[in-house]
Amino acid sequence: MALQPERVKFRKMHRGNRAGLAYSGQTVAFGEYGLMALERCWMDSKQLEACRVAITRNMKRHGKMWIRVFPQKSFTKKPLETRMGKGKAPLEGWVAVIRPANILFEVDGVTEAIARESFRLAATKLPIKTKFISRHHRAV
Amino acid sequence: MKSVPLNAFARTQGRRAGSKKLRESGRVPAVIYGGQVKPVSLELDARVMNDLIHHSVSENILVDLSVDSQKRLALVQEVQHHPLTQKVVHVDFHEVSPTEKVTVMVPVETTGEAAGVKTGGGVLQHIVFKLKVRALPKDLPEQIVVDVSHLEVGKSVHLGDIKAPEGVEILGDKKVSIISVALPKTEVEETAVAAEGAAPAAGDVEMLKEKKEDGTEGAAPAKPGDKAAPAKGDAKAAAAPAKDAKAAPAAEKKK
């Protein structure tokens, strides 16, 4: 199930900016281990869903997982072979704005080896570099 | 908790640029406050501080700080880390008296494998990660260890169940769950949830101010003198309710 908001005030949004580091959501808050973004990107709902599937499959329904980011931002795309102008294009999808140091996923209730492998599989679905971190040993 | 000796130096360079230079030179800015004296800006050797943190169970460390041949007993109040590199950026020390009780947050750790996880297929859930405790600095525990080996599925350890070490008082509501064992979501539940929200299209999203597609887009039927909502995006109309009667026909013209 792809993530997207249920209700918004305005459908089409400005692009905004992705500068700087994450100033919230940068600590492991719920689980024991987390996956931290080291680069910035627009992470769309399909990528998040692919990661979720990869993690849950590898954990084989043991443990618990948290998705710490949500695709709040809509993006639009003009149809093919369309001339420029005529207003903003229709909605194409939803993305989460990811800045370096954002925690993307957290897991708990599994061994470190399983958590590491799950996050490795999830990281292969993402367009950015990531880092495995744990609650107790900050610089892993 | 045993106190650890730590050397600190009075800070020579102040403000942001000074702190940056300090960090580049292998030192960490710090501050000590509390007690009856004014706060003092300090600097520490970054490597010594990193070693201290890595060799302790938690960041609750009692230190015997020697600043310019003067000894002060202090608790590490806060360690600021760089969000990306996790390097220590700044340290706060809180001076304490060895005869006065202090209140600190102490991490909770589990020991043993819960029966519900081992045999029942449950998942051990940490609900609260840190507990507020009150004790003399020398009695402060580095962490509170809870034995969960007896915990069955659906059961939890409450704050009242935790035995505090001698001389330590655990503060808070005794009924709060700290650790529990819950059953993971079954495959049936997950597929049911997936089926409920089966892949909505990107544009399928409800709007707070829903646009009506039958030509009455945005604005409520405009009656002269009526305080109806103006068309979406018509900022002028929204700003001047007195001009509502004029604004509403203008919105219609736009269509």
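Once you place label points 7 Å from the Cα toward the Cβ at residue A:6 and residue B:183, how far apart are they in nm?
2.6 nm
Give me a comma-separated list of calculated 3J(HN,Hα) values for region B:44-61, in order, Karplus coefficients 6.51, -1.76, 1.60 applied at θ = phi - 60°, integers in Hz, x for any Gly or Pro.
In residue order, the calculated couplings are 10, 6, 4, 5, 5, 5, 4, 4, 4, 5, 5, 8, 9, 5, 9, 8, 8, 10 Hz.
Which of the chymotrypsin sites (Phe, Trp or Tyr not before Pro) across region A:23-75 are loop residues per DSSP, with 15 or fewer other Cβ within 10 Å? Write down the numbers at each step before the final one.
Values: sites: A:23, A:30, A:33, A:42, A:66, A:75; in loops: A:23, A:30.
Those that pass, being in a loop and sparsely packed, are A:23.
For region B:93-99, just list the computed ³J(HN,Hα) in residue order, Karplus coefficients 6.51, -1.76 and 1.60, θ = phi - 60°, integers in Hz, with x standing in for Gly and Pro.
Rounded to whole hertz, the list is 10, 10, 5, 10, 9, x, 9.
Where the centroid of each part is defined by its Cα atoms, how far is region A:80-102 from region B:1-43 in Å?
About 48 Å separates the Cα centre of region A:80-102 from the one of region B:1-43.
Mind checking the log10 I(q)/I(0) for region B:104-187 at q = 0.20 Å⁻¹? Debye, one equal scatterer per Cα, no solvent, two decimals.
After summing over all Cα pairs, the log10 values are -0.86.
Explain nothing, just the number: relative contact order of region B:4-96, from Cα pairs under 8 Å at least 6 residues apart, as a whole percent.
Averaging sequence separation for qualifying contacts and normalising by length gives 31 percent for region B:4-96.
When averaged across all projection directions, what area in nm² does the alpha-carbon convex hull of region B:1-131 cover?
Result: 10.6 nm².
By how many degrees, 0 to 90 and rounded to 10, does the Cα axis of helix A:112-123 deviate from the longest principal axis of chain A?
The answer is roughly 20 degrees.
Could you list which residues have their amide H under 5 Å from that of residue B:122, counting only those 5 or more apart in sequence or on another chain, with H placed in the peptide plane?
Amide H neighbours of residue B:122, under 5 Å, 5+ apart: B:117.
For region A:31-121, what is the per residue volume of the convex hull drawn over the alpha-carbon atoms, in cubic angstrom?
110 Å³
Each label point is 7 Å from the Cα along the Cα-to-Cβ direction; what then is the distance between the points at residue B:174 and residue A:136, in nm?
In this crude spin-label approximation the distance works out to 3.0 nm.
Which of B:71, B:87 has the fewest other C-beta atoms within 10 Å, and how do the rest follow up to the most?
Ordered by Cβ neighbours within 10 Å, fewest first: B:71, B:87.
Students often get this wrong, so check it: of B:87/B:132; A:9/B:132; A:125/B:20, which have C-alpha atoms separated by over 31 Å?
Those over the limit are A:9/B:132; A:125/B:20.
Computed from the coordinates by the stated procedures, all read-outs in this text should not be read as laboratory data. Note that this is a predicted model, so its numbers are computed, not measured. Note: ideal-geometry Cβ built from the backbone for every residue, glycine included; neighbour counts use all protein chains shown.
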